[in-house]
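What follows draws every value from the coordinates through simple rules; no lab data is involved. This is a predicted model, so every value here is computed, not measured. Don't worry about glycine lacking a Cβ; one is built from the backbone with ideal geometry, like all the others, and counts go over all protein chains shown.
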Amino acid sequence: MSDTDTSEIEALLLVQRLDNTLDQLRFKHANLPQREALATIASDLDSLSKARSKTEAQRDDLRKQQRSLETEASDVETKANSLDARLYDGSVTSPKEAAALGEEIESLRARQSDFEDQSIELLLEIEPLDDLLVNAEAKGGELEAAKQAKEVELEAAASAIDEEIATADADRAAAAAIVSEANMELYAKLRITYGPDAVIEFDPAHNGGCPVAMPAVELDRWKHLPTGSLEPCQDCGRMVGKLI
Ligand SMILES: [Zn+2]
């Protein structure tokens, strides 16, 4: 490389700019707002499903109790009806027996009525639970639709970034091919320590261009180096390239 050849410095600065861009793109890709929205929807769906299972179990339990009360009411009714029939079919002749039968029928009717009342009470408890389940199903449908829409949105946003990443990757490879292997290795090492400004462009008007400001001696040394110089800042260790 001749003293005035600045193409390697320019290429290295471009590599760094593209690395910075790539870092930003990857961060953007990983933190797309749609991902957070989807996580919220997933958590809402999960809560909904848990609440639904709980309500369903509660409703099914009440339904079971209610059905068994219905069966008991119907059994008692059948028995009362058959005693009723016996009372009037002429087979009971003794007034004492008729009175006893009448009392038993009355007691059975009372029990039937009790069972029916309890059953109605349960039906009244079941009704709002059924309503809750209908609402939960509607809400679940809404959330599923929102999830699908958000997934489509995420895919579009992610693939747009993927394209940008592919372009920047290709540009980076082209720029890196211009930089010597040794300088690429040094740059990679310095990037770990210095992050986005491992390599800087010498700028005499702004403390040498170094983020930590070159001391006067180092600044003076750089002013006297030929254009095309690419070497570490003796103060901070960053790579400095002289383009002017
Ligand atoms: Zn420095």
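Taking Cα atoms, how many degrees apart are the long axis of helix 181-194 and the longest axis of the chain, rounded to 10 and kept between 0 and 90?
That works out to roughly 60 degrees.
Please find the FRET efficiency linking ALA138 to GLN65, where r is the Cβ-Cβ separation and R0 is fixed at 25 Å, and quote it to the nearest 0.05.
Taking R0 as 25 Å, the efficiency between ALA138 and GLN65 is 0.40.
What size of dipole, in debye to the nearest 20, comes out for segment 32-176 about its Cα centre when the only charges are +1 on Lys and Arg C-beta atoms and -1 on Asp and Glu C-beta atoms?
The dipole magnitude comes to about 340 debye.
Name the shape class, rounded, prolate or oblate, that the alpha-carbon gyration tensor gives for the chain, where a ≥ b ≥ c are the square roots of its eigenvalues, rounded holds for a/c under 1.5, and otherwise prolate holds if a/b is larger than b/c and oblate otherwise.
Prolate is the answer for the chain, as a/c is 1.5 or above and a/b outweighs b/c.
Lysine pairs, Cα distance under 19 Å, 8 or more residues apart or cross-chain: how many in the chain?
8
How far apart, in nm, are two points set 7 Å out from the Cα along the Cα-to-Cβ line at ASP171 and at ASP84?
About 9.2 nm separates the two model spin labels.
Okay, which of segment 141-175 sit inside 16 Å, backbone N to the point 7 Å along the Cα-Cβ direction of ALA51?
141-144
Give, in nm to one decimal, the length gained when the segment between SER180 and LYS147 is fully stretched (0.36 nm per residue of separation minus the Cα-Cα distance).
7.0 nm
Rounded, prolate or oblate for segment 82-134? Axes are the square roots of the Cα gyration tensor eigenvalues, ordered a ≥ b ≥ c, and the cut-off for rounded is a/c under 1.5.
Verdict is prolate for segment 82-134.
Can you give the FRET efficiency to the nearest 0.05 for ALA216 and PHE27, using r as the Cβ-Cβ distance and R₀ = 41 Å?
So, using R0 = 41 Å, E works out to roughly 0.60.
Sum up the charges of everything whose Cβ sits under 11 Å from the Cβ of ALA146, counting Lys and Arg as +1 and Asp and Glu as -1, but leave ALA146 out.
-2
Residues of segment 62-85 with backbone nitrogen within less than 17 Å of a virtual label 7 Å along the Cα-to-Cβ line of ASP114, please, listed as ranges.
In segment 62-85, the label zone of ASP114 (backbone N under 17 Å from the point 7 Å along Cα→Cβ) covers 66, 68-80.
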